[in-house]
Amino acid sequence: MALGVYISVPFCRSKCSYCNFSSDVFSQRVVGRYLDRLVAEVESAARTAESMGGEFERDLDTLYLGGGSPTILDSHSLERLFVTIRQNFRLLSHAEVTVECAPGTLSSATLALLARHHVNRVSLGVQSFIDPEAAAVGRLHNRTTVAGDLAQLRAAGITNTNLDLIAGLPHQTEESWDLSVQRAIDSGAPHVSVYMLEIDDESRLGRELLAGGRRYHAHFVPDEELIADLYLAACEKLSRAGLVHYEISNFARPGFESRHNLKYWKREPYLGFGLDAHSMLRASADPYSWLSGVADQAASHVGGGRPCAVACADLDAVRFSTPDSLEPYLSGSGPSRTLVFRRGALEEEFFLGLRLTRGIDISRLALLYGADQVEAFLPTIGEFTAGGLMLRDRDVIRLTSRGRLLSNEIFARLLSVSESQVSIFEHRSNWGGAREL
Ligand code: SF4
């Protein structure tokens with residue numbers, strides 16, 4: 001199966017107050033070191049995959065440059081990235097090639113370069129079409145900038161565009177949010193992502209909110225109830241405008257769903273390169289490749305006997321990720337790995353598949369993982385359907401709109417069902433998914 005590749009470019013013109021990603025404003029010298037490391041990483045992709053115990057594949061049907069703001073790189077650096085990918089992978093002719101872009105960073109030279117490298121999708125970090133709201137969180141663009149970027153992209157033949165919006169920015173009201181969503185619809189972009197503001201100590205705004213302070217306009221952030229209402233209002237308005245709500249945070253006109261992000265939710269294989277980048281590959285058929293370094297763990301779980309045969313039958317995939325801090329990454333620290341055994345894979349099927357509006361077919365899971373394994377989840381699923389958080393139509397289960405709002409709690413409950421089961425291997429994937437990164 002062709003892979004997806006994600007390239008992390010964690011550089012921005014300025015740091016947004018709500019940002020909880022591993023991105024920042026760095027000097028040119030750091031950017032240069034980063035690119036050297038990134039290129040080396042891509043060049044050794046096949047060897048890394050093998051050492052992690054995953055099945056490597058040279059064909060790519062999706063490529064995603066995210067960050068950060070990849071479009072703030074100079075033309076030489078961007079060119080180097082695309083050329084490195086082409087030298088080490090085979091980008092299929094129908095591949096979806098996405099680049100994230102901070103509005104206002106698309107020079108004509110950058111646009112020409114993107115077109116030359118067959119970029120056919122651009123994701124713009126708009127966040128709000130209300131200028132004072134965007135300015136309050138440190139965005140450097142206004143809505144005129146966004147309109148200009150969209151016009152430029154269309155002129156260059158790139159009509160597959162996504163607009164990111166955030167519900168819960170300081171100063172947002174029901175009226176201003178409605179106007180923002182309307183402007184996103186009116187822009188003609190065929191894909192819109194709507195995220196609810198995350199309030200945690202990973203961002204300056206989140207920390208200020210938790211501390212009850214007033215910096216970063218924290219005292220103008222809508223309360224949680226209003227943020228939930230804003231999200232639900234956007235779901236309704238975008239759906240009415242023909243943008244189908246296909247994933248918790250994502251809306252698209254038919255045929256414009258993000259093929260790259262669908263790989264994450266459908267558990268299809270992908271590789272990530274750069275800072276804090278995640279990969280998931282099917283486990284190699286060769287047990288010695290993935291057992292290296294875990295033979296003791298495997299042996300102890302099966303009482304010291306034949307670890308390879310037993311563990312092989314149980315292993316589904318390998319996940320690995322690069323360091324999430326810049327210095328360890330630049331100094332060459334290798335990826336850390338999680339083995340995903342069948343029990344973990346079934347958990348992932350639930351909490352990734354339920355993100356999709358189409359839901360999951362539990363009879364398919366029973367065929368793949370065993371009816372007894374899936375049956376353990378049925379009482380909890382029954383509770384969710386009785387509580388109005390899930391719908392069950394024969395063998396297909398999906399979240400209701402209330403269920404989407406409480407998805408993290410639902411996923412945690414489903415994981416606890418699995419934990420109560422006895423497994424040969426104590427395994428827990430620590431991978432929780434990815435934003436339209
Ligand atoms: S939100 Fe996006 S543009 Fe803003 S600092 Fe974070 S990664 Fe950069």
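Miscellaneous remarks
- The stretch 263-288 - residue that is in contact (Cβ under 8 Å) with a residue 24 or more places away in the chain and in a helix (DSSP H, G or I) and, of those, farthest from Tyr195 (Cα to Cα): Pro287
- Yes/no for Gly138 being touching a helix residue (DSSP H, G or I) at 6+ places or on another chain (Cβ under 7 Å), within 16 Å of the ligand (Cβ to nearest atom) and on the phi > 0 side of the Ramachandran plot: no
- Test set (1) buried (at least 22 other Cβ atoms within 10 Å of the Cβ); (2) in a helix (DSSP H, G or I); (3) not aromatic (Phe, Trp, Tyr) - Thr110 fails condition number: (1)
- Taking (1) surrounded by fewer than 23 Cβ atoms within 10 Å (Cβ to Cβ); (2) within 14 Å of the ligand (Cβ to nearest atom); (3) at pLDDT 95 or above in turn, Arg154 satisfies each apart from (2).
- Test: residue in the stretch 341-349 that is among the aromatic types (Phe, Trp, Tyr), touching a residue at least 12 places away in the same chain (Cβ under 8 Å), under 29 Å from Ser193 (Cβ atoms) and surrounded by 18 or more Cβ atoms within 10 Å (Cβ to Cβ): no
- Condition broken by Phe220, with the remaining ones in (1) touching an Asp or Glu at 6+ places or on another chain (Cβ under 9 Å); (2) surrounded by fewer than 17 Cβ atoms within 10 Å (Cβ to Cβ) satisfied: (1)
- Selection from the stretch 172-221 of residues that are closer than 20 Å to Gly138 by Cβ and acidic (Asp, Glu): Glu198, Asp200, Asp201, Glu202, Glu208
- Residue count, the stretch 25-44 (criterion: touching a helix residue (DSSP H, G or I) at 6+ places or on another chain (Cβ under 6 Å), among the aliphatic types (A, V, I, L, M) and touching a residue at least 60 places away in the same chain (Cβ under 8 Å)): 1
- Qualifying residue in the stretch 72-81 (condition: of a type outside the set (Lys, Arg), in contact (Cβ under 8 Å) with a residue 24 or more places away in the chain and within 30 Å of Ile199 (Cβ to Cβ)): yes
- Comparison of Arg58, Arg116, Arg139 shows that the only residue that is more than 24 Å from Asp24 (Cα to Cα), touching a residue at least 12 places away in the same chain (Cβ under 8 Å) and either surrounded by fewer than 22 Cβ atoms within 10 Å (Cβ to Cβ) or in contact with a strand residue (DSSP E or B) (Cβ under 9 Å, 6 or more places away or on another chain) (or both) is Arg58.
- Across the stretch 111-132, the qualifying residues are those that are touching a Phe, Trp or Tyr at 6+ places or on another chain (Cβ under 9 Å) and of a type in the set (D, E, K, R), and the one among them that is nearest to the ligand (Cβ to nearest atom) is Arg121.
- Residue under evaluation Val9, criteria (1) touching a Gly at 6+ places or on another chain (Cβ under 8 Å); (2) among the β-branched types (Val, Ile, Thr); (3) surrounded by fewer than 17 Cβ atoms within 10 Å (Cβ to Cβ), criterion not met: (3)
- Just one residue in the set Ser51, Ser108, Ser69 is modelled with pLDDT under 95, touching a Phe, Trp or Tyr at 6+ places or on another chain (Cβ under 8 Å) and polar (S, T, N, Q); that residue is Ser69.
- Test result for Val99, in contact (Cβ under 8 Å) with a residue 12 or more places away in the chain, over 25 Å from Ala283 (Cβ atoms) and in a helix (DSSP H, G or I): no
- Residues of the stretch 1-16 satisfying the condition of being away from the ligand (no atom under 15 Å from the Cβ) and in a strand (DSSP E or B): Leu3, Gly4, Val5
- Considering Ser187, Ser176, the condition of being farther than 30 Å from Leu65 by Cβ, among the polar types (S, T, N, Q) and more than 23 Å from the chain's Cα centre (by Cα) is satisfied by Ser176 alone.
- Taken over the stretch 90-109, residues that are away from the ligand (no atom under 16 Å from the Cβ) and not small (Gly, Ala, Ser) amount to 6.
The values are calculated or read from the model by the stated rules, or taken from the named source; none is laboratory data. These numbers were taken from a predicted model, which means no experiment stands behind them. Heads up, the Cβs are rebuilt from the backbone with ideal geometry, glycines too, and the neighbour counts pull from every protein chain shown.
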